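One structure below.
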Amino acid sequence: MADNGSKNKQSQGKGELVLQDVTRVFRLPGMPSCTTLKNCSFTVPRGSLTVLVGPSGCGKSTLANIAAGYDHPDSGKALINGKPVTGPGRDRIMVFQETALWPWMTVMKNATFGPTMLGGMNKAEAEQRAMALLEKVGLKDFKDKYPAQLSGGMQRRAELCRALVMSPQVMILDEPFRGLDVMTRELMQEYLLALYRETGLTMLFITSEIEEALFLGDRILVMTNLPGTIKTTVEVDLPRPRDFKVLATERYRQIKSEVMESLYEEGAKIFTKLDGAGDLMGSCRAES
């Protein structure tokens, strides 16, 4: 794979994310319990861009929240560099499905609020770093604008900058480009790859789009239907740096076929359960 030497150098000091036998059961009074994740294990190596895909509702966002420290497993554990994740921390940052920019703050203030409030970086240092990142993604001239004055794609770029200003060891992105039009989504994918190439940051990227997974990832983790666990790991040995020409290659089509076959098997199980007229959620059942 191209750029391995520079990538290995960049990945030094970056985080390794490990999930070990993670199980998560949701319980609400008067309702059947739902086992969303069961014995789910995987590793996101240092400096890698690992993509997680799976059927709708299989627990991808639950996994992201556990890895970020916003949720906790009922059993198993999440580790960053071998240390248990017990809550949110500066060593990891999450980019959510919906925009999380503060509407009353400018782009610059959104980007610098975190590091200045948490300490470890004064205002001048945070603004210098934020300006460099905003320039990379074409938002330098929009630093004094408010989120409502930005397009959807610009808001996503601002959120990436806000996350990177924190200098995290692991970035978790939960379908960050969902809802964008096709052209904007493709541009955002290219922006992300450029940032990844420059930073070597460890990334866990969650998506429902196979093409997006193949274009971005070093490898793809395919989840099962509920209860979610890792079914297949597919190595994406397409050369980097990538552009959209890679989508026309034979190797791309081979990898896509492998991922689609694994996903379609899980999708078919949903219809089997519907035909059975039994427990539609599969793992969501009353506990005695």
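The values are calculated or read from the model by the stated rules, or taken from the named source; none is laboratory data. Remember, it's a predicted structure, so these values are computed and weren't measured experimentally. Here the Cβ is made from the backbone with ideal geometry for all residues, glycine too, and neighbour counts use every protein chain on show.
Data overview
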read-out	value
Hits in region 220-247 (condition: of a type in the set (A, V, I, L, M, F, W, C) and closer than 24 Å to residue 195 by Cα)	220, 221, 234, 236, 238, 244, 246, 247
Filter result (farther than 22 Å from residue 223 by Cβ and either assigned to a helix (DSSP H, G or I) or without any contact (Cβ under 8 Å) to a residue 60 or more places away in the chain (or both)) within region 234-266	242, 243, 244, 245, 246, 247, 248, 249, 250, 251, 253
Whichever residue in region 139-167 is at pLDDT below 90 and in a loop (DSSP other than H, G, I, E, B) and, among such residues, is surrounded by the most Cβ atoms within 10 Å (Cβ to Cβ)	166
Failed item, numbered, when residue 6 is tested on (1) among the small types (Gly, Ala, Ser); (2) at pLDDT below 90; (3) outside any helix (DSSP H, G or I)	(3)
Residue pairs meeting the criteria (Cβ under 6 Å; at least 6 apart or on separate chains; first in contact (Cβ under 8 Å) with a residue 40 or more places away in the chain and over 16 Å from residue 178 (Cβ atoms), in region 61-72; second outside any loop (DSSP other than H, G, I, E, B) and among the small types (Gly, Ala, Ser))	66/78; 67/78
Residue under evaluation residue 178, criteria (1) within 27 Å of residue 62 (Cβ to Cβ); (2) modelled with pLDDT under 90; (3) in contact with a helix residue (DSSP H, G or I) (Cβ under 8 Å, 6 or more places away or on another chain); (4) outside any helix (DSSP H, G or I), criterion not met	(3)
Residue in region 74-94 that is surrounded by 20 or more Cβ atoms within 10 Å (Cβ to Cβ) and over 18 Å from residue 20 (Cβ atoms) present	yes
Considering residues of region 181-213 that are among the hydroxyl-bearing types (Ser, Thr, Tyr) and crowded, with 20+ Cβ neighbours inside 10 Å only, the residue modelled with the lowest pLDDT	196
